[in-house]
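Note sheet for the following structure.
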Amino acid sequence: MPIVLAWLSARSLRLLHALGGLLGWAAYLLSRDYRRRLNENAARAGVSAADRRAAVADAGRLVMELPRLWLRPREQTIADPLRWEGAELLDELLARGRGLLLLTPHMGSFEVSAQAYAERYGARQPITVLYRPARQRWLRELEETARARPALATAPANLAGVRLMMRALRRGETVGLLPDQVPPEGMGVWVPFFGQPAYTMTLAARLALQTGAATAVLWTERLPRGGGYVVHALPLPVPLPDADGAAAGGGDEAAALAINRSMEAVIAMKPSQYLWAYNRYKQPRRAEVVA
């Protein structure tokens, strides 16, 4: 497998995205459970048939572009064209000198988002991103090595990782996470996501409320025919309640619902690039015990 990944890492983005489109359709056609989940989740959100078909191929492109992103030399910048929209928002938030919480849905090339931030802003304010370690040892080691780059640190999705992110925000640094990721048992609440209850993390809102960090959305659009990426920075569409408002209006549930509403609004901007096959409505797994 490492040999195959190394070979893929040297291919052009255009070729990888072409292969990825085929991979996405192969997974869709060969796995009944995958196909059912993708269609049910997309239908629940009112996604058109055309966008749903595009999302099938785009899921494969997400996988195939990873070797090129992960295996390039550690000091080398993203090799493909990349431009920003909304960078002035981050300039403004960083100028405040406080911690910054960036929320990224399972949309577009979310692996690019943290790397792009680190390249542009990391020397000024480094970023720590939350990730869930893979079960396979070789893939877990690859993730840990590939994702750790200059001004970009990683934190595992457990209590130790939460402490790392809290400390980073209190130092005035930046933290990034995927708020539509199903958290471990005891770290979320059940609130609607596209009209159906989904176990939703409370971590995102708690990080912002407990540290006073500014909050924004960061997601990366994948351009067609291997044309590169557009990194979008925008305000949270539905503001989080402040501490008093959360206490008066339902606490964790109110804050988690606001984040879900924000993610729904962002996903609606480009539904063809959301990972609809992600098992968003599953039961949470047991939390890891960390000393």
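Brief remarks follow.
- Answer residue from segment 54-73, given it is out of contact with any strand residue (DSSP E or B) (no Cβ under 7 Å at 6 or more places or on another chain) and not aliphatic (A, V, I, L, M) and is modelled with the highest pLDDT among those: G60
- Scanning segment 224-245 for residues that are without any contact (Cβ under 8 Å) to a residue 60 or more places away in the chain and either in a strand (DSSP E or B) or among the hydrophobic types (A, V, I, L, M, F, W, C) (or both) turns up V238, L240, A243.
- On the stretch given as segment 126-149, residues that are out of contact with any Asp or Glu (no Cβ under 6 Å at 6 or more places or on another chain), at pLDDT 75 or above and not hydrophobic (A, V, I, L, M, F, W, C) total 4.
- Subset of segment 150-163 [at pLDDT 85 or above, within 17 Å of the chain's Cα centre (by Cα) and farther than 14 Å from L178 by Cβ]: L152, A153, V162
- Members of segment 164-203 found to be under 19 Å from the mean Cα position of the chain (by Cα), within 21 Å of E119 (Cβ to Cβ) and assigned to a loop (DSSP other than H, G, I, E, B), listed by number: E173, L178
- Scanning segment 248-281 for residues being at pLDDT 95 or above and part of a loop (DSSP other than H, G, I, E, B) gives a total of 10.
- Here R52 passes the criteria (1) touching a residue at least 24 places away in the same chain (Cβ under 8 Å); (2) surrounded by fewer than 16 Cβ atoms within 10 Å (Cβ to Cβ); (3) over 27 Å from V129 (Cβ atoms) except the one numbered (2).
- A single member of P241, P237 is of a type outside the set (D, E) and either at pLDDT below 95 or buried (at least 18 other Cβ atoms within 10 Å of the Cβ) (or both), and it is P241.
- Among the residues listed as R35, R52, R68, the single one being closer than 20 Å to G227 by Cα and in a helix (DSSP H, G or I): R68
- Test for A168: is it buried (at least 19 other Cβ atoms within 10 Å of the Cβ), closer than 25 Å to R222 by Cβ and at pLDDT 90 or above: no
- Within segment 184-210, tally of residues that are modelled with pLDDT under 95 and more than 19 Å from N158 (Cα to Cα): 1
- Any chance Q115 is surrounded by fewer than 17 Cβ atoms within 10 Å (Cβ to Cβ) and polar (S, T, N, Q): no
- Every residue from segment 171-214 that is among the hydrophobic types (A, V, I, L, M, F, W, C) and surrounded by fewer than 17 Cβ atoms within 10 Å (Cβ to Cβ): W190
- Residue list for segment 204-223, restricted to those being of a type in the set (K, R) and either part of a helix (DSSP H, G or I) or without any contact (Cβ under 8 Å) to a residue 40 or more places away in the chain (or both): R206
- Number of residues in segment 71-86 that are charged (D, E, K, R), in contact with a Phe, Trp or Tyr (Cβ under 9 Å, 6 or more places away or on another chain) and not in a loop (DSSP other than H, G, I, E, B) equals 1.
The values are calculated or read from the model by the stated rules, or taken from the named source; none is laboratory data. No experiment lies behind these values; they were computed from the predicted model shown. Glycine gets a Cβ as well: all are built from the backbone with ideal geometry, and neighbour counts include every protein chain shown.
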